[in-house]
Amino acid sequence: MSAFRMLPRHSRGFTLIELMVAMVLGLLVAAGIVTVFASTSSSNKAQNQLAQLQEAGRFAVTRMGTDLRMANGQYCTNTGGVAKIGTGGNALDHIRAPKVYAKNLIGAAGAVSGAFGDVTTAWGAGSYPAAPAAPYTMPSFLFMRGYECTLTACTPVDPNTTISTIPAMGTAINNRVKGADVLTVRYVNPAAGWAIVPAGVTGSTLATSSSAATITSITLVQRTGEPQVSNAANGDLFMLADCSNAQIFPATASSVGVITPLANTTDGFGTGAANLPTAQEPESAPKVFDVNRDFQTVTYYLKLVSVNNDGNAPFTGALIRRVNGGTAGRGGSEDELVRGVERLDFRYGVQDNTGKTSFLTAAQVDAAPAASCPPAELNAITATGCLWRSIKSIEVSLLMDGQTPLYTLTGNQLNYRYSADANTGLLPPSGHAIKPSDQGFPDQLLRREFSVLVPVRNYNP
């Protein structure tokens with residue numbers, strides 16, 4: 001009998017060919033799984049970025065709209081004037097901007113510091129006038145001021161030269177993003193201030209001279225809902241306003257809240273009734289404000305930041321909201337609202353003296369001739385920038401990106417449109433007037449445009 005036995009067929013092992021076929025099939029299945037996983041992962045990243053991008057864009061335009069709607073507001077009135085019927089039809093009377101009795105509204109020279117230290121247009125800049133030598137109506141360009149910026153410069157001037165400590169344009173970390181506009185608006189915080197009450201009522205009161213009814217002092221008394229009297233800081237400027245007019249004047253403030261207008265020539269324009277604020281009737285519901293604190297100066301711009309917060313690439317743009325020069329002691333701050341903003345452009349809906357509305361850039365508004373402006377302000381010191389008081393709406397355009405590069409994106413997925421550049425269709429990053437690479441941003445990003453038209457609440461047509 002043979003020593004070897006034939007094994008049953010079902011007990012035999014796999015041949016080399018069978019093993020190789022099985023390995024190949026296994027690799028094909030694994031490759032398919034990996035491909036599906038990679039595709040799903042890439043799609044998931046893109047979808048998450050798109051969702052975050054959309055959320056950030058909606059928040060940005062909503063937050064900006066809140067400030068822009070308040071532009072030019074001064075307590076319960078506006079600077080645009082009041083509609084009236086004249087021989088030539090409907091028109092605006094003279095604007096109702098505050099009358100200024102302070103030499104140092106801009107700057108910090110003198111014993112009383114300038115309330116607008118974070119200025120947008122300095123006295124004597126370009127075609128703008130030198131500092132006035134007599135009381136004047138606050139000009140329109142100090143209530144609202146925009147800058148149209150390209151990759152190399154802003155028109156009419158770079159705001160880095162007129163707004164204290166705002167970054168210069170560049171492609172390094174913390175630079176201002178190249179090609180992004182800048183806008184500053186001002187308005188009075190309506191929740192601030194102390195109400196002036198009639199005699200016999202507990203609250204803040206005025207004392208006047210017997211001869212000219214000019215204000216000799218204001219005694220502040222905190223009522224429910226009003227700020228502490230100590231918020232009225234010595235050395236600040238103050239504004240007395242009702243629903244018809246307002247006055248800004250230099251004054252001293254005692255620790256117990258007694259405000260005394262200054263009649264010297266260091267801070268004001270001198271003695272005499274013409275150089276001092278006048279009393280306003282308590283029945284007109286006037287309020288007194290600390291201008292340095294209660295006048296909100298809000299500037300929007302884009303700053304270059306590191307996505308990973310390590311100072312290195314990749315970079316993206318952050319929307320910055322700067323209030324009162326970022327000085328905390330004056331109620332100021334400088335906050336990063338959202339990231340992923342590459343472009344920021346403003347167009348201004350302007351109504352000229354014929355009633356026609358046009359959408360203009362900041363440079364076009366600034367360069368408009370005086371003949372196209374509505375009636376000039378009383379005691380006007382210049383016609384330059386007069387159309388800034390005629391802004392009835394502001395169109396805001398933002399280009400948002402996904403911040404983190406996605407190198408799996410195809411050419412079509414990288415294309416985008418940005419209407420501020422008059423694009424009529426989708427273009428690749430390299431096809432735009434301002435390319436992401438010019439600004440220091442990578443091309444491989446999802447990008448979407450957001451725009452909103454914001455009506456200016458304090459414009460009176």
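Exactly one residue out of R389, R457 is assigned to a loop (DSSP other than H, G, I, E, B) and closer than 30 Å to Y136 by Cβ, and it is R457.
Among the residues of region 170-180, not a single one is under 30 Å from L360 (Cα atoms), part of a strand (DSSP E or B) and touching a Ser or Thr at 6+ places or on another chain (Cβ under 6 Å). Comparison of L453, L406, L445 shows that the only residue that is crowded, with 18+ Cβ neighbours inside 10 Å and either of a type outside the set (G, A, S) or assigned by TED's automatic domain parsing to the domain that holds S393 (or both) is L445.
Residue count for region 338-353, restricted to those that are small (G, A, S) and either assigned to a strand (DSSP E or B) or more than 15 Å from P436 (Cα to Cα) (or both): 1. Residues of region 153-207 that are among the basic types (K, R) and in contact with an Asp or Glu (Cβ under 8 Å, 6 or more places away or on another chain): K178 alone. Apart from one condition, T79 fits all of (1) in the same structural domain as G325 (by TED's automatic domain parsing); (2) in a loop (DSSP other than H, G, I, E, B); (3) touching a helix residue (DSSP H, G or I) at 6+ places or on another chain (Cβ under 8 Å); (4) at pLDDT 80 or above; the exception is (4).
Here's the yes/no breakdown for (1) surrounded by fewer than 19 Cβ atoms within 10 Å (Cβ to Cβ); (2) among the hydrophobic types (A, V, I, L, M, F, W, C); (3) over 19 Å from the mean Cα position of the chain (by Cα); (4) closer than 30 Å to T171 by Cβ:
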{"position": "Q247", "(1), (2), (3), (4)": "no, no, yes, no"}
{"position": "T265", "(1), (2), (3), (4)": "yes, no, yes, no"}
{"position": "T271", "(1), (2), (3), (4)": "yes, no, yes, no"}
{"position": "A285", "(1), (2), (3), (4)": "yes, yes, yes, no"}
{"position": "G329", "(1), (2), (3), (4)": "yes, no, yes, no"}
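Here the condition is being surrounded by 18 or more Cβ atoms within 10 Å (Cβ to Cβ), assigned by TED's automatic domain parsing to the domain that holds L406 and modelled with pLDDT of 90 or more; of L319, L276, L337, it holds for L319 alone. When R293 is tested against (1) part of a strand (DSSP E or B); (2) touching a helix residue (DSSP H, G or I) at 6+ places or on another chain (Cβ under 7 Å); (3) not aromatic (F, W, Y), just one condition goes unmet, and that condition is (1). Exactly one condition in (1) under 18 Å from the mean Cα position of the chain (by Cα); (2) under 26 Å from A363 (Cα atoms) is false for Y128; which is it? All conditions are met except number (1). Among the residues of region 203-231, those identified as hydrophobic (A, V, I, L, M, F, W, C) and assigned to a loop (DSSP other than H, G, I, E, B) are A212, A213, L220, V221.
Being among the polar types (S, T, N, Q), at pLDDT below 80 and surrounded by 24 or more Cβ atoms within 10 Å (Cβ to Cβ) is a description that applies to T121.
The values are calculated or read from the model by the stated rules, or taken from the named source; none is laboratory data. As the structure is a computational prediction, the values presented were derived from the model and not from experiment. A quick note on method: Cβ atoms are made from the backbone with ideal geometry, for glycine too, and the neighbour counts reach across all protein chains shown.
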